[in-house]
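A.B. asks: Just passing along the structure, written as structure tokens.
The values are calculated or read from the model by the stated rules, or taken from the named source; none is laboratory data. The structure displayed is predicted, hence computed values, not measured ones. With ideal geometry, Cβ positions are generated from the backbone for all residues, glycine too; neighbour counts draw on all protein chains shown.
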Number of protein chains: 2
Amino acid sequence: MPPGATEAEFAAWMGSIQRRVENVLARSLPAPQHAPARLHQAMRYATLEGGKRVRPLLAFAAGEFVGADPARVEVAACAVELIHSYSLVHDDLPCMDDDRLRRGKPTVHVEYDEATALLVGDALQTLAFQLLAERFASDDASVQLAMVNTLAVATGSRGMAGGQAIDLEATGKTLSQAELEYLHVRKTGALISAAVKLGALCAGPCPAQLEQFGHRVGLAFQVVDDVLDAEASTATLGKTAGKDSKRGKPTYVSTLGVARARQFADELRRGAHAALESFGENALRLRQLADFIVLRKF
Amino acid sequence: MPPGATEAEFAAWMGSIQRRVENVLARSLPAPQHAPARLHQAMRYATLEGGKRVRPLLAFAAGEFVGADPARVEVAACAVELIHSYSLVHDDLPCMDDDRLRRGKPTVHVEYDEATALLVGDALQTLAFQLLAERFASDDASVQLAMVNTLAVATGSRGMAGGQAIDLEATGKTLSQAELEYLHVRKTGALISAAVKLGALCAGPCPAQLEQFGHRVGLAFQVVDDVLDAEASTATLGKTAGKDSKRGKPTYVSTLGVARARQFADELRRGAHAALESFGENALRLRQLADFIVLRKF
């Protein structure tokens with residue numbers, strides 16, 4: 001077994017990245033006492049002490065894979081996490097999913113109010129781009145610009161926000177597997193792929209195999225999310241379970257059933273491994289993360 | 001009288017910039033037939049054929065002043081206008097100002113729906129940063145990064161979004177003139193100052209006098225907005241008039257009264273002129289714009 005390959009070693013690595021990301025986010029978010037204090041407190045409430053930090057973990061694993069300086073990767077990782085955090089706050093709003101529970105806590109509009117939640121999401125998105133533009137994510141300004149652009153493409157109307165719009169239109173309809181993939185590649189996959197790519201860009205151009213890995217892991221993440229929404233409990237998830245079917249949202253479970261959805265997720269996991277086949281032990285953390293994402297219980 | 005100084009020449013200059021900005025925005029926004037079509041149509045509905053384009057005009061005037069290439073300035077000008085457009089869509093939402101009329105048309109959430117309006121604002125913000133990062137706004141990538149950063153600082157929780165948050169908290173309260181200035185410098189002034197600065201950055205560092213000009217014009221814009229909200233009609237404004245006092249929002253009119261608010265706007269206009277005193281005819285368009293902003297009737 002190669003060094004670092006045990007479950008305990010992987011868990012320790014994850015823990016160390018998660019703590020590092022928490023620290024960088026805490027430093028990067030405006031201080032809670034600075035005006036406008038309520039907005040800044042709500043931005044911190046939405047972002048800190050929550051989540052598995054899957055996107056930052058992928059950015060760090062990709063960065064380690066290409067030999068990037070972790071002090072650069074942490075900027076990219078946190079920018080992606082801020083975008084993710086903004087998207088959760090806006091998705092939970094009454095006009096979207098109208099959700100009251102997130103990461104085991106009341107959602108931002110429940111804890112604060114709707115207008116504040118709207119501004120929190122808006123300002124978290126801005127902060128992501130500000131971080132990438134001001135911090136030293138690369139020693140080459142043109143690479144840093146490419147990172148801003150990569151994050152923007154993954155976030156905007158052809159990426160995550162576009163996926164949300166397609167999701168809204170698809171509610172109550174039955175989608176084919178191809179249509180579902182089109183939707184989820186945008187809604188969830190785009191930002192997860194961007195996390196992998198940004199981690200790699202901290203050291204240089206992103207290898208094509210890594211882009212393929214990111215694409216497969218991004219889709220696998222959403223397939224597993226659909227399965228967990230159908231099978232797990234609200235207490236385990238820290239967010240409302242069973243909400244997709246209640247809302248008539250097309251998911252991999254509604255299209256394929258649970259058993260075939262699980263099987264599809266495992267195919268994607270093996271496809272993600274296969275994309276990195278030629279790299280051997282260098283790709284250990286990436287492979288472990290693909291397994292973690294597909295085999296997780298929450 | 002210097003060349004270009006007549007009212008007709010200024011009007012012709014404004015018209016040519018406004019048409020140019022309209023064309024660049026129309027090209028930069030995703031095509032209306034591209035998926036997700038409804039989102040893309042709503043993004044265009046929110047942005048095209050509307051407004052005076054005050055921020056792009058200021059960016060172009062600042063760019064002309066420092067001798068920047070207009071092909072670069074147009075990128076910066078459109079990025080700022082996309083941020084402005086996003087902010088209007090979110091401000092009009094029911095949880096914020098709950099407004100049904102904007103630029104003489106139904107607001108985005110009325111014409112489409114609330115969830116779409118939320119995503120439109122989100123995606124317009126992203127597109128602004130994407131434009132600045134991918135288009136050739138400067139021949140120096142590090143200057144381009146500084147432009148992304150300038151726009152982000154003006155837009156985020158210490159700038160425009162922060163101003164909105166302070167505005168929410170101040171509703172129903174009486175503010176001193178100093179508190180009101182603190183609010184409006186963020187809510188409106190930050191993005192107007194950024195427009196001036198970004199136009200200048202297209203050619204190099206922004207002269208301090210130009211930053212001072214932007215600051216004064218930004219505040220003057222809001223003082224005049226407050227006066228017009230109190231005095232003009234809904235038909236003239238193309239948006240609901242008299243809404244500030246109806247909502248108990250502190251304004252320059254509620255704090256100073258109409259006469260002193262007008263007087264303060266004119267002081268700021270003269271202060272903006274004074275900032276550019278040493279530049280003579282080179283600053284003609286900037287001075288004309290300061291006059292236009294303060295003397296406008298809508």
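A.B. asks: In region A:133-157, what residues are of a type in the set (D, E, K, R), under 18 Å from B:Leu151 (Cβ atoms) and either in contact (Cβ under 8 Å) with a residue 12 or more places away in the chain or assigned to a loop (DSSP other than H, G, I, E, B) (or both)?
C.D. replies: If the condition is that a residue be of a type in the set (D, E, K, R), under 18 Å from B:Leu151 (Cβ atoms) and either in contact (Cβ under 8 Å) with a residue 12 or more places away in the chain or assigned to a loop (DSSP other than H, G, I, E, B) (or both), then A:Arg135 is the only one that fits.
A.B. asks: Restricting attention to region B:234-259, and to residues there that are free of Cβ contacts under 8 Å to residues at least 40 places away in the same chain and surrounded by 15 or more Cβ atoms within 10 Å (Cβ to Cβ), which single residue is nearest to B:Tyr182 (Cα to Cα)?
C.D. replies: The qualifying residue nearest to B:Tyr182 (Cα to Cα) is B:Val253.
A.B. asks: Return the total of residues in region A:222-233 being out of contact with any helix residue (DSSP H, G or I) (no Cβ under 9 Å at 6 or more places or on another chain) and in contact (Cβ under 8 Å) with a residue 12 or more places away in the chain.
C.D. replies: Of the residues in that region, 1 qualify.
A.B. asks: Answer yes or no as to whether B:Glu211 is more than 8 Å from chain A (Cβ to nearest Cβ) and free of Cβ contacts under 8 Å to residues at least 60 places away in the same chain.
C.D. replies: yes
A.B. asks: Are any of the residues in region A:56-66 outside any loop (DSSP other than H, G, I, E, B), within 14 Å of another protein chain (Cβ to nearest Cβ) and in contact with a Leu (Cβ under 6 Å, 6 or more places away or on another chain)?
C.D. replies: No, region A:56-66 contains no residue that is outside any loop (DSSP other than H, G, I, E, B), within 14 Å of another protein chain (Cβ to nearest Cβ) and in contact with a Leu (Cβ under 6 Å, 6 or more places away or on another chain).
A.B. asks: So A:Ala203 passes all but one of these: (1) farther than 20 Å from A:Leu268 by Cα; (2) aliphatic (A, V, I, L, M); (3) in a helix (DSSP H, G or I). Which condition number does it fail?
C.D. replies: Answer for A:Ala203: the failing condition is (3).
A.B. asks: Condition check: surrounded by fewer than 24 Cβ atoms within 10 Å (Cβ to Cβ) and facing chain A (nearest Cβ under 10 Å). Does B:Tyr182 satisfy that?
C.D. replies: Yes.
A.B. asks: Further question on the same structure: Here is a list of conditions, (1) over 22 Å from A:His90 (Cα atoms); (2) within 14 Å of chain B (Cβ to nearest Cβ); (3) aliphatic (A, V, I, L, M), and A:Ala165 meets all of them except one; can you say which number that is?
C.D. replies: Going through the list (1) over 22 Å from A:His90 (Cα atoms); (2) within 14 Å of chain B (Cβ to nearest Cβ); (3) aliphatic (A, V, I, L, M), A:Ala165 breaks only (1).
A.B. asks: Return the residues of region B:161-194 that are in a helix (DSSP H, G or I), small (Gly, Ala, Ser) and at pLDDT below 95; say none if nothing qualifies.
C.D. replies: The answer is B:Ala170, B:Ala178.
A.B. asks: How many residues are surrounded by fewer than 16 Cβ atoms within 10 Å (Cβ to Cβ), hydrophobic (A, V, I, L, M, F, W, C) and either touching a His at 6+ places or on another chain (Cβ under 6 Å) or not in a loop (DSSP other than H, G, I, E, B) (or both) when one looks only at region B:15-48?
C.D. replies: Count: 2.
A.B. asks: Restrict the check to region B:113-126 and report whether at least one residue is more than 9 Å from every other protein chain (Cβ to nearest Cβ) and either among the aromatic types (Phe, Trp, Tyr) or assigned to a helix (DSSP H, G or I) (or both).
C.D. replies: Checked against the condition, which is being more than 9 Å from every other protein chain (Cβ to nearest Cβ) and either among the aromatic types (Phe, Trp, Tyr) or assigned to a helix (DSSP H, G or I) (or both), region B:113-126 yields no hits at all.
A.B. asks: What is the one condition in (1) touching a residue at least 40 places away in the same chain (Cβ under 8 Å); (2) at the interface with chain A (Cβ under 9 Å from one of its Cβ atoms); (3) β-branched (Val, Ile, Thr) that B:Thr174 does not satisfy?
C.D. replies: Of everything listed in (1) touching a residue at least 40 places away in the same chain (Cβ under 8 Å); (2) at the interface with chain A (Cβ under 9 Å from one of its Cβ atoms); (3) β-branched (Val, Ile, Thr), B:Thr174 misses just condition (2).
A.B. asks: Among (1) crowded, with 24+ Cβ neighbours inside 10 Å; (2) aliphatic (A, V, I, L, M); (3) more than 24 Å from B:Arg269 (Cα to Cα), which single condition is B:Leu219 missing?
C.D. replies: Here B:Leu219 clears every test but (3).
A.B. asks: Within region B:127-156, can you find the residues that are within 7 Å of chain A (Cβ to nearest Cβ) and more than 17 Å from the chain's Cα centre (by Cα)?
C.D. replies: B:Gln130, B:Ala133, B:Glu134, B:Ala141, B:Ser142, B:Gln144, B:Leu145, B:Asn149
A.B. asks: Continuing with this model, one more query. With respect to the numbered conditions (1) more than 13 Å from chain B (Cβ to nearest Cβ); (2) out of contact with any Phe, Trp or Tyr (no Cβ under 8 Å at 6 or more places or on another chain); (3) buried (at least 23 other Cβ atoms within 10 Å of the Cβ), which one is the sole condition not fulfilled by A:Leu101?
C.D. replies: Status for A:Leu101: all satisfied but (3).
A.B. asks: Select from region B:1-57 the residues that are under 22 Å from B:Ile83 (Cβ atoms) and polar (S, T, N, Q) and list them in ascending order.
C.D. replies: B:Gln18, B:Asn23, B:Ser28, B:Gln41, B:Thr47
A.B. asks: Go through region B:98-112 and count every residue that is assigned to a loop (DSSP other than H, G, I, E, B) and either among the charged types (D, E, K, R) or free of Cβ contacts under 8 Å to residues at least 40 places away in the same chain (or both).
C.D. replies: Total meeting the criteria: 5.
A.B. asks: I'm told A:Gly50 meets every condition in (1) out of contact with any Gly (no Cβ under 7 Å at 6 or more places or on another chain); (2) within 30 Å of A:Ile166 (Cα to Cα); (3) within 14 Å of another protein chain (Cβ to nearest Cβ) except one. Can you identify the failing condition by its number?
C.D. replies: Unmet condition: (3).
A.B. asks: Among the residues that make up region A:84-92, is at least one of them touching a residue at least 24 places away in the same chain (Cβ under 8 Å), part of a loop (DSSP other than H, G, I, E, B) and in contact with a helix residue (DSSP H, G or I) (Cβ under 6 Å, 6 or more places away or on another chain)?
C.D. replies: no
A.B. asks: Could you please let me know if A:Glu22 is modelled with pLDDT of 95 or more, away from chain B (no Cβ under 14 Å) and farther than 30 Å from A:Ala165 by Cβ?
C.D. replies: When the stated conditions are applied, A:Glu22 passes them.
A.B. asks: Specify the residue that is surrounded by the fewest Cβ atoms within 10 Å (Cβ to Cβ); the eligible residues are those in region B:84-95 that are among the aliphatic types (A, V, I, L, M) and more than 9 Å from chain A (Cβ to nearest Cβ).
C.D. replies: The selected residue is B:Leu88.
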